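Everything on this sheet refers to the single structure shown next.
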Amino acid sequence: MAQPDNRYAQSGMAARTGVAVDEGLRSYMLGVYNYMASGVALTGIVAYLTYTMAVQDGGLTAFGQTLYTSPLRWVVMLAPLGFVLFLGIRIQQMSVAAAQTSFWVFAAVMGLSLSSIFLVFTGQSIAQIFFITAATFGALSLWGYTTKRDLSGWGSFLFMGVVGVVIAALVNLFLQSSALMFAISVVGVLVFAGLTAYDTQRIKDGYLAMRGNAELVAKGAIMGALSLYLDFINMFIMLLNLFGNRN
């Protein structure tokens, strides 16, 4: 008696599995982008509202003086870095809800820190650079998602680039060198452009490794959004330093 041919059943099961993975990946990446976009929006709202409370009638209010001219400005400036380190170290011990809350608080604190750009650059310039950054980010992230090229080899190089940019920026807080700031901004744009594509591919590949664990997937989406958020914000700041019109 002839044995039943299971090849068609097996191929149909493989096809269904592939469709499920693709649908899960699309849903995951959509969640990452929604987190990231919401974080950017929250940062922008907080930054603008903070500026309107800090500057009135062309001068600094008492709140503005405390925020921008007192030693508190160093706390506000460095607080986002502290949040990033905290999330990176503690997220595996957090609940999903706590990780989400930490991300939103981080985005709000970043808005507080970035409110000073309204003192330096014109509103029109900020808006123009924001949309240029959004278009650039979107193109690079799409390429990182769709490319067949393995970008994992970029990781070490880009990480060293970030470390160099951060160290140079901290040094320039004291030197106040316009030439060094220009160099930092040029290198920073290149580094964070590369990171946008690299992180997108890394987040996509990460889902395939975590997809069997719902909690890991949820936390991975938050950390993925944080990575892309930082790429976007830093690219925006670098482009603003290069091309923004100052008040």
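Per-structure values
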| quantity | calculated |
| --- | --- |
| Residue within segment 172-179 that is under 22 Å from Phe103 (Cβ atoms) and either in contact with a helix residue (DSSP H, G or I) (Cβ under 6 Å, 6 or more places away or on another chain) or part of a helix (DSSP H, G or I) (or both) present | no |
| Test for Leu216: is it under 30 Å from Ser177 (Cα atoms) and of a type outside the set (Val, Ile, Thr) | no |
| Selection from segment 127-172 of residues that are hydroxyl-bearing (Ser, Thr, Tyr), closer than 14 Å to Leu228 by Cβ and without any contact (Cβ under 8 Å) to a residue 60 or more places away in the chain | none |
| Boolean, Val163 is under 18 Å from the mean Cα position of the chain (by Cα), surrounded by fewer than 14 Cβ atoms within 10 Å (Cβ to Cβ) and under 24 Å from Arg73 (Cα atoms) | yes |
| In segment 185-200, the residues that are of a type outside the set (A, V, I, L, M, F, W, C) and surrounded by fewer than 21 Cβ atoms within 10 Å (Cβ to Cβ) | Ser185, Gly194 |
| Check on Arg211, loosely packed, with under 15 Cβ neighbours inside 10 Å, in contact (Cβ under 8 Å) with a residue 40 or more places away in the chain and more than 17 Å from Gly161 (Cβ to Cβ) | no |
| Val120 vs. criteria in contact with a Lys or Arg (Cβ under 8 Å, 6 or more places away or on another chain) and surrounded by 13 or more Cβ atoms within 10 Å (Cβ to Cβ) | yes |
| Every residue from segment 84-107 that is surrounded by fewer than 18 Cβ atoms within 10 Å (Cβ to Cβ) and closer than 23 Å to Leu173 by Cα | Val84, Leu85 |
| Residue check, Gly212 modelled with pLDDT under 95 and outside any helix (DSSP H, G or I) | yes |
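Per-residue answers, yes or no, for (1) assigned to a helix (DSSP H, G or I); (2) within 18 Å of Ala218 (Cα to Cα); (3) at pLDDT below 95:
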position: Tyr35; (1), (2), (3): yes, yes, no
position: Ser38; (1), (2), (3): yes, yes, no
position: Thr50; (1), (2), (3): yes, no, no
position: Phe63; (1), (2), (3): yes, no, yes
position: Met77; (1), (2), (3): yes, no, yes
position: Gly88; (1), (2), (3): yes, yes, yes
position: Ala97; (1), (2), (3): yes, yes, yes
position: Ser113; (1), (2), (3): yes, no, yes
position: Leu119; (1), (2), (3): yes, no, yes
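The values are calculated or read from the model by the stated rules, or taken from the named source; none is laboratory data. All figures in this text were calculated on a predicted structure; none of them were measured in a lab. Note that we place each Cβ from the backbone using ideal geometry, even for glycine, and neighbour counts take in every protein chain shown.
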